[in-house]
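Chemist: Before I ask anything, let me first share the structure, which is written out below as structure tokens.
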Amino acid sequence: MLRGGREVHTGAFIARIEDALRKASIYQDDLAQALAASLMPLDRLEGEAGAAVALSMEMEEEPPLVREEALLRGLLAWFKSEFFTWTDRPVCGYCDGKDTTRLARTAAPDSREAAHLASVVEVYTCSACGAETRFPRYNDPLKLLETRRGRCGEWANAFALCCAAAGLRARQALDWTDHVWAEVFLPLRAGEAPGRWVHADPCEAAMDTPLLYEAGWGKRLSYVIAVDENGVVDVSCRYARDWEAMKARRVLVDADWLKEYLAHTTAQLRSHLSADQLAELAARDAADAARDPNPVPTRQRLPGRQSGSETWVASRGEGGGNKAGAADEGPAAAGPPLVRYRLAGDEGVAARLPGRLTGGAVRASGQNGEAEGAVRALDGDPATKWLDFGGGALGAVPWLEYRVRGGAGKAGVEVARYVLTAGNDAPARDPKAVALEGQRPGSSEWVTLDEREGLCFPERGSALSFDLPTESCFPCVAFRLRILELLDRAAAGAVQLACWDLYVAQ
């Protein structure tokens, strides 16, 4: 019994972990990995990862990007944008009604559904035709490669198998407040061991943002248990905005029982391993234990939940303090940019925009996944945009950087004009004041080239053009646009920009 007379819910706790262990065993099955690999664009993803690592070396990033991290970023983007589909409620199986089904009841799975580890079936009734549609909540990752739909449980399950098929070591992270994501083990540097476990949520295409749920979504976590075929670990503190407050919510099971159960289960899982395998895992465990268990506080504004309809997210209370979520408290963490360099991929823009600087690399203070990443501001398309939720944090100065590559990357280029295009969302997120900075060849210092205040875009997708002063037209190897003020920072929660076009002096 727990203090206060509350019952120990050990049975349900054990059942959930044992269910996750059954899935983890499937991830290591050679045939399961082969099937997943046959459905994945692995050659493309590996090629993109290799190019990203090469760019990181060219840009002399520190620490340098490792292949596994680049591959994981690509996998997250592919899985969310091309492979899996979020399902609040299913389309009617009879009339194809998309918004006409309503949950009527839950039912036990039939034999075919149970064969693919469905634990429950949601039954929906269509308001248009009256037909019923069954939505089995499958737990078999192989079946999910076929259906490619579901909510967070299905997403994390199928994603973990895809990670294994790509040669990445992944484990499930079970949240006892009704969410599931993955953690992926990444080396610190190429060829170095042992590395660290990194948060990876395929539903949000989010990576290495452990405070997303408490500081962004507004969740009050209690238990987060990581599970793979070699161990079961309590990683709750790594996702806690306030560990002391989280500990007060951890009343479901006795703390000593939990520690003993996890250690015993891990020992059983490793009992058949060789001495070399055990030594490798021990080194990994030691490095993991040596890490600071608490996430670094940041003033970056983390978004509310992006997956699911607004109605569904609101019903769960996971939209954050506002649509953009909330900034964490405490001093901003020092360190490398949140977003690494990416190839701008803008070579084709020159034909449509003569004189525009192209062929460079871009990075930013932050971004909303690849779909609204830094490269979207350089693609010359006013229908796409860069979105940075960090731009909504108090005291934040979001920025975009464009670095020249090739021969011009050493000699520099002169820019005479730049054009900013408004994004498609709320005007409150528009830049109101900006500074354009440049970096001379051989220097790491940023020099102000131009400053503008009182910007006002007349409509969505409209552009503002600015000529640089004559004294600012000198060769630079990099350019940085700093967003000094937003149109309405209090209401914005983020900064957006559809296009940032730099034009070379003729």
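Chemist: Output the residues belonging to region 179-229 that are closer than 27 Å to Asp388 by Cα and charged (D, E, K, R).
Modeler: Glu183, Arg196, Asp201, Glu204, Asp208, Glu214, Lys219, Arg220
Chemist: Another question, if that's okay. Select from region 344-371 the residues that are buried (at least 22 other Cβ atoms within 10 Å of the Cβ) and not in a loop (DSSP other than H, G, I, E, B) and list them in ascending order.
Modeler: Ala361, Val362, Arg363, Ala364, Asn368
Chemist: Still on this structure: Looking only at region 165-206, how many residues end up being touching a Lys or Arg at 6+ places or on another chain (Cβ under 6 Å) and of a type in the set (A, V, I, L, M)?
Modeler: Qualifying residue count, region 165-206: 1.
Chemist: Determine, yes or no, whether Glu229 is within 22 Å of the chain's Cα centre (by Cα) and of a type in the set (Asp, Glu).
Modeler: no
Chemist: Further, regarding this structure: Test Asp208 against the criterion of being over 22 Å from Ala37 (Cα atoms), modelled with pLDDT of 95 or more, in the same structural domain as Tyr261 (by TED's automatic domain parsing) and surrounded by fewer than 21 Cβ atoms within 10 Å (Cβ to Cβ), and give yes or no.
Modeler: no
Chemist: Filter region 215-239 down to the residues that are free of Cβ contacts under 8 Å to residues at least 60 places away in the same chain, in contact with a strand residue (DSSP E or B) (Cβ under 9 Å, 6 or more places away or on another chain) and either not assigned by TED's automatic domain parsing to the domain that holds Glu69 or not hydroxyl-bearing (Ser, Thr, Tyr) (or both) and list them by number.
Modeler: Listed by number, the residues that qualify are Leu221, Val224, Ala226, Asn230, Gly231, Val233, Asp234, Cys237, Arg238.
Chemist: Quick check on this structure: which one of Arg22, Arg44 is modelled with pLDDT of 95 or more, in the same structural domain as His179 (by TED's automatic domain parsing) and basic (Lys, Arg)?
Modeler: Within the list Arg22, Arg44, the selection yields Arg44.
Chemist: Right, here's the next one. For region 124-178, which residues satisfy the criterion of being over 23 Å from Arg196 (Cα atoms), in contact with a Leu (Cβ under 7 Å, 6 or more places away or on another chain) and among the charged types (D, E, K, R)?
Modeler: Once the filter is applied, which keeps residues that are over 23 Å from Arg196 (Cα atoms), in contact with a Leu (Cβ under 7 Å, 6 or more places away or on another chain) and among the charged types (D, E, K, R), region 124-178 yields Asp140, Glu154.
Chemist: OK, next. As an exercise: evaluate Gly97 against (1) closer than 24 Å to His199 by Cβ; (2) at pLDDT below 95; (3) in contact with a Cys (Cβ under 6 Å, 6 or more places away or on another chain); (4) not β-branched (Val, Ile, Thr) and give the number of the one condition it does not meet.
Modeler: (1)
Chemist: Would you be able to tell me the number of residues in region 124-145 that are outside any loop (DSSP other than H, G, I, E, B), of a type in the set (A, V, I, L, M, F, W, C) and surrounded by fewer than 17 Cβ atoms within 10 Å (Cβ to Cβ)?
Modeler: Counting residues in region 124-145 that are outside any loop (DSSP other than H, G, I, E, B), of a type in the set (A, V, I, L, M, F, W, C) and surrounded by fewer than 17 Cβ atoms within 10 Å (Cβ to Cβ) gives 0.
Chemist: Here's another thing I want to ask about it. Of all the residues that make up region 80-94, how many are touching a residue at least 60 places away in the same chain (Cβ under 8 Å) and surrounded by fewer than 21 Cβ atoms within 10 Å (Cβ to Cβ)?
Modeler: Adding up the residues that qualify gives 6.
Chemist: Of the residues Pro398, Pro469, Pro475, which single one is in contact with an Asp or Glu (Cβ under 9 Å, 6 or more places away or on another chain), at negative phi and modelled with pLDDT under 95?
Modeler: Pro398
Chemist: Further question: Looking for something out of contact with any helix residue (DSSP H, G or I) (no Cβ under 7 Å at 6 or more places or on another chain) and more than 21 Å from Asp175 (Cβ to Cβ) - is there at least one such residue anywhere in region 224-246?
Modeler: No - not one qualifying residue is present in region 224-246.
Chemist: Could you tell me whether Asp381 is over 22 Å from the mean Cα position of the chain (by Cα) and either assigned to a strand (DSSP E or B) or in contact (Cβ under 8 Å) with a residue 12 or more places away in the chain (or both)?
Modeler: So Asp381 passes the test.
Chemist: With the requirement that a residue be among the hydroxyl-bearing types (Ser, Thr, Tyr), within 15 Å of Val434 (Cβ to Cβ) and touching a residue at least 40 places away in the same chain (Cβ under 8 Å), what does region 453-497 give you?
Modeler: Result: Ser465, single match.
A quick yes/no check of all residues on (1) surrounded by fewer than 19 Cβ atoms within 10 Å (Cβ to Cβ); (2) at pLDDT 95 or above; (3) in contact with a helix residue (DSSP H, G or I) (Cβ under 8 Å, 6 or more places away or on another chain); (4) not in a helix (DSSP H, G or I):
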residue: Leu420; (1), (2), (3), (4): no, yes, no, yes
residue: Ala435; (1), (2), (3), (4): yes, yes, no, yes
residue: Gly461; (1), (2), (3), (4): yes, yes, no, yes
residue: Arg482; (1), (2), (3), (4): no, yes, no, yes
residue: Ala491; (1), (2), (3), (4): yes, no, yes, no
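Chemist: I'd like the full set of residues that are within 15 Å of the chain's Cα centre (by Cα), touching a residue at least 24 places away in the same chain (Cβ under 8 Å) and outside any strand (DSSP E or B), limited to region 166-213.
Modeler: Across region 166-213, the qualifying residues are Pro202, Cys203, Glu204, Ala205, Thr209, Pro210, Leu211, Leu212, Tyr213.
Chemist: Considering Ser236, Ser222, which residue is crowded, with 19+ Cβ neighbours inside 10 Å and polar (S, T, N, Q)?
Modeler: Ser236
Chemist: For the subset of region 406-418 comprising residues that are surrounded by fewer than 18 Cβ atoms within 10 Å (Cβ to Cβ) and outside any strand (DSSP E or B), which member is modelled with the lowest pLDDT?
Modeler: Among them, the one singled out is Ala408.
The values are calculated or read from the model by the stated rules, or taken from the named source; none is laboratory data. Small disclaimer: the values here were computed from a predicted structure and weren't measured. Here the Cβ is made from the backbone with ideal geometry for all residues, glycine too, and neighbour counts use every protein chain on show.
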